[in-house]
Amino acid sequence: MSQSYGPFIMPRRETLLNKQFITKPRSLYPSSVVCVRKQDGTLCLCVDYRELNRRTTPDGHPIPKIQEFG
């Protein structure tokens, strides 16, 4: 984590943990939290799922359309 974003991330992380909106990672491939600067200059917390997506195997069978069942 960048030191410049630490004061921004840490209080928000603690708030989300206390409200049980998030949990501490138990996965082999936890996703990083990154700060993104919005157009108005404020920061937004985002989750970087790129590593998880690289390790995910796509499903070979697409989900059927509801029309196919009727």
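Points to keep in mind about this one:
- Relative contact order of the chain, defined on C-alpha pairs under 8 angstrom at six or more residues apart (%): 20 percent
- Solvent-accessible heavy-atom area per residue, rounded to whole Å², over the chain at 1.4 Å: 95 Å²
- Against the main long axis of the alpha-carbon atoms of the chain, helix 6-18 sits at an angle near 60°.
- Dipole moment magnitude, nearest 20 debye, the chain about Cα centre, only Lys, Arg, Asp, Glu C-beta charged: 200 debye
- Neighbour cut-off at most 15 other Cβ (10 Å), DSSP loop, chymotrypsin sites (Phe, Trp or Tyr not before Pro), the chain: PHE21, TYR49, PHE69
- Working value for the chain: equivalent-ellipsoid semi-axes of 33, 16, 15 Å, each the square root of 5 times a Cα gyration tensor eigenvalue, largest first.
- Summing charges over neighbours of PRO7, with a neighbour being any other residue whose Cβ is under 14 Å away from its Cβ, gives +1 when K and R count +1 and D and E count -1.
The values are calculated or read from the model by the stated rules, or taken from the named source; none is laboratory data. All of these numbers come straight from a predicted model, not from anything done at the bench. Counting neighbours? That spans all protein chains shown, and the Cβs are built from the backbone with ideal geometry, glycine included. For accessibility, only protein heavy atoms count, side chains too; no ligands or nucleic acids. Shrake-Rupley method; radii C 1.70, N 1.55, O 1.52, S 1.80 Å.
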